[in-house]
Amino acid sequence: METISKEVFLAARKCPRKGWNLQHRVDEQEPSIGDRFRMRQGLEIGEMARALQRDGVLVGAVNAEEAEKITRALSGDADVRTIFEATALYDHYAARADMLTRVNGGWHLWEVKSAVKEKKEHLDDLAYTMMVMRYAGYEIKEVSLLLLSRDYRFGDAVEDLFMEVTKTGSALQRCREFSINADELGLEILGCSAPTAEIGFVCKNCEYFTSSCVGVGLEASLFCLPRLSEKKFEQLREIGALRVSDIPEGFTLTENQQRFYDVMKSQVPWVSEDLGEVLNEAEWPVYYLDFETTMTAIPLYPGLAPYATIPTQYSIHIMHTAGGALEERSYLGDPSENPQRVLAEKLIRDLGEGGSIMVYSGYEKRIIKAMKEQFDDLAGALEQILERLFDLEAVIRKHYSHPDFLGRTSIKQTLPVLAPEMSYKNLSIQDGDSAAVLFAEMAQGRYTADEVKKIRQDLLAYCRMDTLGMVSIHEALRKITN
């Protein structure tokens with residue numbers, strides 16, 4: 001029997017076409033390194049949660065129908081107090097509860113989440129599982145989330161890792177909302193043809209929008225507008241606008257949106273009168289700095305909490321005079337121990353005492369502030385570094401716009417435009433998410449010595465590319481002002 005999963009149902013509630021695409025595996029992509037890591041992390045946390053109910057029985061079957069039969073048998077055995085991965089089927093809907101425990105003549109439904117903070121989607125997850133369980137005949141008396149505790153530290157007992165959040169009332173209300181059109185939605189999801197779709201704000205970050213849905217061939221859509229709100233999107237849709245070029249003259253936009261609109265209309269880059277003056281505020285020598293970090297649900301090192309941000313490496317390129325030769329410095333931590341202290345000390349030495357420190361975004365500032373709070377004896381030196389920071393992305397955001405930026409200013413968007421000779425395509429690691437995961441996996445001992453050697457080379461090359469990219473962008477902007 002073809003079954004509908006929680007992921008598909010919840011996606012279809014927002015957009016039936018997306019739910020249909022997921023069900024029918026349209027444009028299905030291989031999971032990334034980061035996706036696989038997070039899935040494995042979730043499974044590990046689920047296994048740890050089972051230690052809280054040592055009398056529980058695991059439904060290990062992968063097939064939904066087989067798992068449902070095992071669950072039925074276990075639920076009918078009064079000696080079984082807890083069922084892990086309890087599976088229920090209703091019509092074509094399938095649900096697996098992380099834990100079901102007997103309570104007051106019914107069941108307590110638990111969802112385990114690898115998060116320290118409750119999110120809106122957690123309630124939807126609970127409500128879907130509750131809906132299918134109730135349809136299947138299970139009397140759900142209580143509903144709870146198990147989140148990770150911020151107070152947990154590496155090496156603490158597993159009982160200290162989790163925090164319960166009771167959601168019975170709100171989950172029941174949401175479950176009733178889901179039940180209203182579950183049957184009709186199921187028919188759409190399983191239909192032979194894709195449901196008709198219209199552009200809506202829900203399309204903004206949808207992976208199908210430009211690949212196989214209503215955004216195909218739609219160049220410079222409304223979603224390119226910087227900081228586009230849902231309210232403004234709906235106003236534009238009411239007057240028939242789909243593209244930035246469709247926006248009528250005089251429509252109320254923010255300053256940044258208006259600037260982007262003008263650039264897209266003219267297809268001519270915009271340069272502020274102050275760009276040269278702002279760039280001249282950078283003092284030579286200029287140190288181009290980029291950090292890479294990692295974070296994991298289960299802490300990697302003593303003293304750390306879940307999802308602690310750990311700076312693991314940096315790249316620095318130094319240009320002593322405008323257009324001069326480059327000097328390179330870098331650091332990549334030993335994953336077998338917490339690298340933060342050594343990194344902070346070496347960073348202070350490598351950044352010297354004078355000259356601007358050019359970064360791209362506010363991320364490096366946040367990392368240095370966190371190190372300052374962590375290491376009291378280094379606070380003075382780190383504060384001096386903070387005072388020297390120069391955010392190149394902020395300069396672009398305020399003083400330069402190009403039609404090919406498509407409203408975005410990340411380095412991955414601006415570098416191909418301002419320095420097309422620079423590219424990440426030939427690198428083994430091409431994004432920060434992969435870099436973070438690979439360091440964490442090295443710390444977890446998942447690679448051989450030869451593999452670690454190769455990964456370290458790749459990590460250094462990726463971080464180096466970020467600072468070289470900044471050098472090229474800085475030089476390109478200086479040429480524009482000249």
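Per-structure values
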| quantity | calculated |
| --- | --- |
| Greater than 21 Å apart at Cα, pairs in Lys18/Lys425; Lys119/Lys232; Lys6/Lys120 | Lys18/Lys425; Lys119/Lys232 |
| Local electrostatic count, Ala443, Cβ distance below 13 Å [Lys/Arg +1, Asp/Glu -1] | -1 |
| Sparsely packed GluC sites (Glu not before Pro) within the stretch 259-344, loop by DSSP, other Cβ within 10 Å at most 14 | Glu273, Glu281, Glu283, Glu337 |
| Within-10-Å neighbourhood charge of Ser272 [Cβ basis; K, R +1; D, E -1] | -1 |
| Residue-by-residue Karplus 3J(HN,Hα) for the stretch 55-71, coefficients 6.51, -1.76, 1.60, Hz, glycine and proline x | 8, x, 10, 8, 8, x, 5, 7, 5, 4, 5, 5, 5, 5, 5, 5, 4 |
| Net length gained if the chain between Glu421 and Arg397 were fully extended (0.36 nm per residue, minus Cα distance) | 6.4 nm |
| Reach of Lys117 by Cα under 18 Å, taken over lysines that are not fewer than 8 positions away in the same chain | Lys167 |
| Computed [θ] at 222 nm, deg cm²/dmol, the chain (DSSP H ≥ 4; -39,500 (n - 2.57); rounded to nearest 500) | -13000 deg cm²/dmol |
| Förster radius 35 Å - calculated FRET efficiency between Lys69 and Cys192, Cβ distance, rounded to 0.05 | 0.75 |
| Computed over the stretch 380-482: relative contact order in percent, which uses C-alpha pairs under 8 Å that are six or more apart | 32 percent |
| P(r) tail fraction, the chain - alpha-carbon pairs more than 33 Å apart, % | 53 percent |
| Per-residue Cβ neighbour rank within 10 angstrom, fewest leading, Asp125, Asp246 | Asp246, Asp125 |
| Most positive-pole-ward Cα, Ile411, Pro248, Ala381, against dipole of the chain from beta carbon charges | Pro248 |
| Fully extended contour minus Cα-Cα distance, from Asp79 to Val62, at 0.36 nm per residue | 3.7 nm |
| Highest average packing first - 229-236, 171-178, 448-455, Cβ atoms within 10 Å | 171-178, 229-236, 448-455 |
| Label point distance in nm, Arg40-Glu283, each placed 7 Å from Cα along Cα→Cβ | 4.6 nm |
| Label zone at Asp262, where the point sits 7 Å out along the Cα-to-Cβ direction: the stretch 400-430 residues whose backbone N lies under 14 Å | 400-403 |
| The stretch 6-190 - percent relative contact order, Cα under 8 Å, separation 6 or more | 20 percent |
| Under 10 Å, Cβ to Cβ, from Asp160 - net charge with Lys/Arg +1 and Asp/Glu -1 | -2 |
| Label-to-label distance, nm, for residues given as Phe251 and Val26 (7 Å Cα→Cβ offset) | 2.6 nm |
| Taking Glu85, Glu475 and counting other C-beta atoms within 10 Å, the order from fewest to most | Glu475, Glu85 |
| Calculated log₁₀ intensity ratio I(q)/I(0) where the Debye formula runs over C-alpha points of the stretch 275-481, q = 0.12 Å⁻¹ | -0.63 |
| Computed over the chain: relative contact order in percent, which uses C-alpha pairs under 8 Å that are six or more apart | 12 percent |
| In sequence order, calculated HN-Hα J values of the stretch 137-150 (Karplus, 6.51, -1.76, 1.60; Hz; x Gly/Pro) | x, 8, 8, 8, 8, 9, 9, 9, 9, 10, 9, 7, 7, 5 |
| For peptides 415-423, 14-22, 438-446, 71-79, sequence by mean Cβ density within 10 Å, most packed first | 14-22, 438-446, 415-423, 71-79 |
| J(HN,Hα) series, the stretch 443-454, from Karplus relation 6.51 cos²θ - 1.76 cosθ + 1.60, nearest Hz, glycine and proline x | 5, 7, x, 8, 10, 6, 4, 5, 5, 4, 4, 5 |
| Segment Val202-Lys14, length gained on full extension (0.36 nm per residue, minus Cα span) | 67.0 nm |
| Kirkwood hydrodynamic radius (C-alpha pairs) into Stokes-Einstein, the stretch 226-320, 10 °C and 1.306 mPa s, D in µm²/s | 86 µm²/s |
| Cβ-derived FRET efficiency at R0 45 Å, His320 paired with Asp450, nearest 0.05 | 0.75 |
| Largest-first ellipsoid semi-axes for the stretch 225-268, taking √(5λ) over the Cα gyration tensor eigenvalues, angstrom | 17, 12, 8 |
| FRET efficiency, Arg408 to Glu238 (Cβ-Cβ, R0 22 Å, nearest 0.05) | 0.30 |
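Throughout, read-outs are computed from the coordinates displayed, never taken from laboratory work. As the structure is a computational prediction, the values presented were derived from the model and not from experiment. A quick note on method: Cβ atoms are made from the backbone with ideal geometry, for glycine too, and the neighbour counts reach across all protein chains shown.
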